[in-house]
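**Q** Got a structure for you, written out below as structure tokens; questions coming shortly.
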Amino acid sequence: IKTGVMDTGFFILVIALVLQVISSIFIIEITEINPVLKNWLLGFHVSFALIGYSAITIAGIYGFLYLMLYHNLKKNQFGSFYKKLPSLQLMEKLSYNAIVFGCIFLAMTLVIGFVWLPKAIKDFSYTDPKLISTIVIWLIYTMVIISKRTGRMQSKTVMTIAFYGFIFAIFSVAVVNIFLTSFHRFY
């Protein structure tokens, strides 16, 4: 809304739809509610995580669109698909702002997790796979912010990391949730 770019919403909504359909397939009905799920701090913890990962998803989408447009500009191939996209500079700005936003919310997620979860969950461990993957994702994007602000990283590199960081985030969350045990499972 702030930038006036309305043409990229379709891409974001398609990704949101695909991820929602995938997550809906794996819904499991819970018959007994764990007392941890009733704590108000958990609401903040989960909300901040969702907002942080959503921002990283948006950064990844803009990173992908940036890289596609960048390669087409290099090859002098322009289609009607790319005429609707904003400039490379604006897509980089949107992606970078999403990265900053995502890092802030993931940091708040981690802070709540480090402070509250050891008190709330008996078998809490700082070596939990979901915690480690979130820290790694947060560190990747924090290094992007620092490198970009110090001028050590070019726009194309930022967009490449934004895209591949998103792929890594999706992959790591999927692997942790499907294959590894975690105290984050409440059913």
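**Q** Scan segment 48-63 and report the pairs whose first residue is under 12 Å from Tyr96 (Cα atoms) and open to solvent by 10 Å² or more (accessible area, probe 1.4 Å) and whose second residue is polar (S, T, N, Q) and assigned to a helix (DSSP H, G or I), with Cβ atoms within less than 6 Å and a gap of 6+ or a chain change.
**A** Within 6 Å, the pairs are Tyr62/Ser95.
**Q** To continue, here is another question. Since Gly43 meets every condition but one in (1) touching an Asp or Glu at 6+ places or on another chain (Cβ under 6 Å); (2) farther than 19 Å from Ile12 by Cα, which condition does it not meet?
**A** Failed condition: (1).
**Q** Also, quick follow-up: Which of the numbered conditions does Lys156 fail, given that it passes all the others? Conditions: (1) surrounded by fewer than 16 Cβ atoms within 10 Å (Cβ to Cβ); (2) among the basic types (Lys, Arg); (3) without any contact (Cβ under 8 Å) to a residue 60 or more places away in the chain.
**A** Result: Lys156 passes all but (3).
**Q** Does segment 5-26 hold any residues that are modelled with pLDDT under 75, out of contact with any Pro (no Cβ under 9 Å at 6 or more places or on another chain) and open to solvent by 70 Å² or more (accessible area, probe 1.4 Å), and which are they? Walk me through it before giving the result.
**A** First, the residues of segment 5-26 that are modelled with pLDDT under 75: 5-12.
From the residues that got through so far, the ones that are out of contact with any Pro (no Cβ under 9 Å at 6 or more places or on another chain) too are 6, 9-12.
Listed by number, the residues that qualify are Met6, Phe10.
**Q** Looking at Ser80, Ser87, which is the one that is surrounded by fewer than 15 Cβ atoms within 10 Å (Cβ to Cβ) and modelled with pLDDT under 75?
**A** Just one listed residue meets the conditions, Ser80.
**Q** Related question: Tell me which of these Gly102 doesn't satisfy, since it passes every other one: (1) surrounded by 15 or more Cβ atoms within 10 Å (Cβ to Cβ); (2) touching a residue at least 24 places away in the same chain (Cβ under 8 Å); (3) farther than 18 Å from Ile146 by Cβ.
**A** So the condition that Gly102 fails would be (3).
The values are calculated or read from the model by the stated rules, or taken from the named source; none is laboratory data. Since we're looking at a predicted model, the values are computed, not measured. Every residue, glycine among them, receives a Cβ derived from its backbone with ideal geometry; neighbour counts consider all protein chains shown. Areas reflect the complete protein model, heavy atoms only, side chains present, ligands, DNA and RNA absent. Shrake-Rupley method; radii C 1.70, N 1.55, O 1.52, S 1.80 Å.
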